Each structure stands twice: as structure tokens, then as C-alpha cells.
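Down below is the structure, laid out as C-alpha cells.
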Amino acid sequence: MDDATEKRSLAPLETRLGYRFRDGAPCETALTHSSWLNETVVAPGRTDNERLEFLGDAVLALMVSDLLMRRFPGRSEGELTRVRAALVSEHGLARVAGELDLGAWILLGRGEERTGGRTRPSILANTLEALMGAIYLDGGPTAAAAVAEKLFGGALEDADRHARLDYKSRLQERAQALLQVAPVYAVVASQGPDHDKRFEISLTLAGREYGRAIGKSKKEAEQTAAAMALDALEGSPR
């Protein structure tokens, strides 16, 4: 380990992660931006975090997928895919990195430092991916799964809610792009007393029904029908 990093303790970051590294070298590599290496004399073999970022991207996809499968056993593949995409997007990863104050730990070159690299979403997201790769190498899949649950578990419900609320607008865009038509929602039936009504909604595109759902409100049923239509459209040949 070089002079720039040999004296710092990783303990505060490890506490936030809920994981203690057996070997601190992978963690330091995960925190090393290429701009720092370009400006610093280091020991032979010291590398930046890009290879760990590659590994961590795959680790996060697997661990978040497992979390979603267990948390939402009734969700379709299409629904799970959209929620996962929100969680591991640059924005989603940068948010988690911000909660960890990860920017304070990244080794950056002077140019990146001056231009706000410690708060740049792309750098934060990439570093978090690299850190997950380092945890996987140091502690294996069990350790990586535990850290992923700690970091992302609380965001699952919000991500799922936002993804579901966005189904109608997503469908509007997808239907226009693929079929050049707008979705048509129609109330097929309603039942129950006024204080506990259920609405059945049919969704058609170009005269063909793509989804039918029942909800406590028309809006809820429309969102569910839109999710069904999205799954049908995205599963169809392009």
C-alpha cells in the first residue's frame, strides 16, 4: 500500500457498510479512481477500480434480483425488471453512495477534485459498484448479499411504488413507439357497495385487448392493466 493510503483506517466506512474486510487491498482498489493513479506515484501493480466496477455491476444485478424475488413473490418478470433497473441505475446507486458518504473516501486526481468529482453521480455509482465487487472477492456471495440487503432493502418498496405508478406513462410511450396508437381504457364492470367498490378495467391497443384488471379505484385498475400490457408488448417480437 502506498503512502497516500497506508495511514487511513477503513473502519468508519466498514461500519456504514456493515462489513469488515479481511484484506483492505480490494477495498482501497475499489476506492481508487483512474485520475488519481494518473497523478500519483504508486507501488507496482496498483490499479484503478474499473475491473472491480465490471464485477460489481454483475454482483449487484444478482443480489438485487434475489432481494426482489424474495420481497415480491407475486410480481411478474417485467415488473421486477423495471424495479431493479430503478435501483441499480446511476441515480439509484449515486443515492445509496451519498448515504454512505462514499465520495469522501474516493481517491481522486486534482482535476476531478476541482470539478466536483466527489459528488458526481457517475463516479459515485461506479465506485459503489466497484466496492460491491471488492466485497464479493473478499467475503464471497453471502457477504455481498448481506451488504446489498443493508444498502438497498429500505429502497425496495419506494422503487416498486414508483415503478408501478409509472406504468401508464411507460405504456403510452411504448405503444406510440411500437404501434403508433394510444391506449384506450374502459370500465367493463363495477361491483360492491359505494364504500368498497371494485372496478374492472379493460385496456385495448388498436382494438385488441392487452390487459384487464380489477382494482379498488379506476386508477389502480388502469395501472395494473397497463403493467400487463407492458409485459405483453415487451415480450412480443420487435
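With contacts taken as Cα pairs under 8 Å and at least 6 residues apart, the stretch 11-163 reaches a relative contact order of 39 percent. When peptides 92-105, 40-53 are ranked by their average number of other Cβ atoms within 10 Å per residue, the highest-first order is 92-105, 40-53. Looking at the chain, the pairs of alpha carbons with a distance over 23 Å make up 58% of the total. With a/c under 1.5 counting as rounded, go ahead and sort the stretch 141-199 into rounded, prolate or oblate using the C-alpha gyration tensor (a ≥ b ≥ c being the square roots of the eigenvalues; past the cut-off, prolate if a/b is larger than b/c, else oblate). It is oblate, given that a/c is not under 1.5 and a/b is not larger than b/c. Label sites at GLU14 and HIS195, each approximated as a point 7 angstrom past Cα along Cα to Cβ, lie 5.8 nm apart.
Net charge dipole, the stretch 166-234: roughly 100 debye, given to the nearest 20, about the Cα centre with Cβ charges of +1 for Lys and Arg and -1 for Asp and Glu. Whole-Hz Karplus values for the stretch 46-58 come out as 5, 10, 7, 8, 5, 5, 5, 4, 4, 5, x, 4, 5 Hz, taken residue by residue from phi with 6.51 cos²θ - 1.76 cosθ + 1.60 and θ = phi - 60°; glycine and proline positions read x.
Per residue, the average separation of C-alpha pairs within less than 8 Å and at least 6 apart gives the stretch 97-191 a relative contact order of 14 percent. The count of lysine pairs in the chain with alpha-carbon distances below 29 Å, taking only pairs 8 or more places apart or on different chains, stands at 8.
To the nearest ten degrees, helix 156-165 and the longest principal axis of the Cα atoms of the chain are 40 degrees apart. Each helix, a run of at least 4 DSSP H residues, gives -39500 (n - 2.57); summed and divided by the residues of the chain, these come to -18500 deg cm²/dmol at 222 nm. The stretch 186-209 and the stretch 97-156 have their alpha-carbon centroids 45 Å apart.
Alpha-carbon geometry of the stretch 166-234: the Rg and the Dmax are 12.1, 40 Å, given in that order. For the chain, a simple Cβ point-charge model (Lys and Arg +1, Asp and Glu -1, everything else neutral) yields a dipole of about 740 debye relative to the Cα centre.
When the alpha carbon gyration tensor of the stretch 1-141 is reduced to an equivalent ellipsoid, its three semi-axes come out at 29, 17, 13 angstrom, largest first. Quick one: grab the alpha carbon gyration tensor of the stretch 105-172, order the square roots of its eigenvalues as a ≥ b ≥ c, and give me rounded if a/c is under 1.5, else prolate or oblate depending on whether a/b is larger than b/c. It comes out oblate by the Cα gyration axes. Relative contact order of the stretch 1-83, taken over Cα pairs closer than 8 Å and 6 or more residues apart, is 21 percent. In the chain, the longest principal axis of the Cα atoms and the axis of helix 218-234 are about 70 degrees apart.
Axis angle, to the nearest 10 degrees, between helix 167-179 and the longest C-alpha principal axis of the chain: 80 degrees.
Where a number appears in this text, it was derived from the coordinates with a stated rule and is not lab data. The structure displayed is predicted, hence computed values, not measured ones. Here Cβ is always computed from backbone atoms with ideal geometry, including for glycine, and neighbour counts include all displayed protein chains.
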